[in-house]
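Scroll down for the structure; my scribbles are underneath it.
Derivation of every value follows stated rules applied to the coordinates shown; laboratory data play no part. Bear in mind that the values here come from a model prediction, so they are computed numbers and not experimental data. For neighbour counting, all protein chains shown are included, and Cβ atoms are generated from backbone atoms with ideal geometry for every residue, glycine included.
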Amino acid sequence: MMGRKLEEGDWSYVYCKAKNIPEKGWSNLDIDIIHNNMGLEQKMLCYRSNSDLANVYGTTQMHPSLTRSIRIPDTKDPNQAMADLLNQYSQLVKDRKKRVASQNTTEQEVEMRTGWLLWQESLRQFLYFEEEMLEPNPEEYVAEWRETVGGGSRKRSVNLWIYEKKTGKKRYSITTSAGAKIQPYFDIPSPIDPNVYLFTVIGEAVRIGYVRIWLTDSTFKELKRAFNTIDPDEISDKLIAFCSSIEIKEEADPLTHKEEGMSLEIRTDAYKLLTESVKGVSDEHSIRIILSQMK
């Protein structure tokens, strides 16, 4: 990706490859992934890069848009407005379920899910989990209108805040200006929940004194040929010797195709020198720069 922003299509591609699902391309106009009896809507949320994503375990986060396919009802009663809006979203879920059912050739019941992905701009860490996509019951919620006064050039706006009666937790915020949309609040599971996954793909400390990095298959093979080894200590020694002996130029041809990932362990001291000497946008890019300087 060479440092560009992560897009929905990128994650859809990765998910389908990992789950061995045919990749049909991502569309903003349809449910993201449909396979047999499963319909999956992926929601992505960028998280700051200077904090470990493990810090969000057990917290509640807000996504900027669950859907924009809503119309704001003409009523001053917040609970009437809430019922109308939640029913609109329920109808959207039903329509999506019908879409999945229309192509389901299995004997299994249709299963609708929402996938939540938190990602860092640095692309170092990703946190992912799925939950059942449900039709919200207005009887389980209570609502109120909230006015927000913007600062500077921002205009005043009125939003509908929806709370769960049972817990009192805020579950939805419906914006009424600058494009009406439903903004959901979702709970991230605890780290002991088997359904939540935290991926560290840049500079992951895997054991004392060693770091795991991820490379494309072609870069991994080229590194193995250049260094004639994949032993963590031997590679670390050669990386240290090389980075200490020459001035690294930031040059490397970007990849133009997608490849499988390969993991490689190197010592922490070698990784520290690598990141200080080579200003690549990722571990993969830094190693490619090293290899380009060795030619």
Quiz item: When the chain is fully extended, how far beyond the present Cα-Cα distance does Leu134 get from Ile208, taking 0.36 nm per residue of separation?
Solution: 22.3 nm
Quiz prompt | Estimated inter-spin distance, Leu198 and Lys272, nm [label 7 Å along Cα→Cβ] | solution = 2.3
Self-check item: In region 1-132, lysine pairs with alpha-carbon atoms under 29 angstrom apart (chain gap of 8 or more, or interchain)
Solution: 20
Exercise. Give the shape of region 203-294 as rounded, prolate or oblate, defined through the alpha-carbon gyration tensor: a ≥ b ≥ c are the square roots of its eigenvalues, a/c under 1.5 means rounded, and otherwise the shape is prolate if a/b is larger than b/c and oblate if not.
Key: rounded
Quiz prompt | Ordering of 45-51, 185-191 by packing [mean C-beta count within 10 Å, highest first] | solution = 185-191, 45-51
Self-check item: Estimated inter-spin distance, Lys181 and Asn50, nm [label 7 Å along Cα→Cβ]
Solution: 2.6
Quiz item: lysines within cross-link reach of Lys295: Cα-Cα under 21 Å, excluding same-chain residues under 8 positions apart?
Solution: Lys221, Lys224, Lys238, Lys249, Lys279
Quiz item: Sorted by average packing, counted as other Cβ atoms within 10 angstrom per residue and highest first, what order do 225-232, 198-205 take?
Solution: 198-205, 225-232
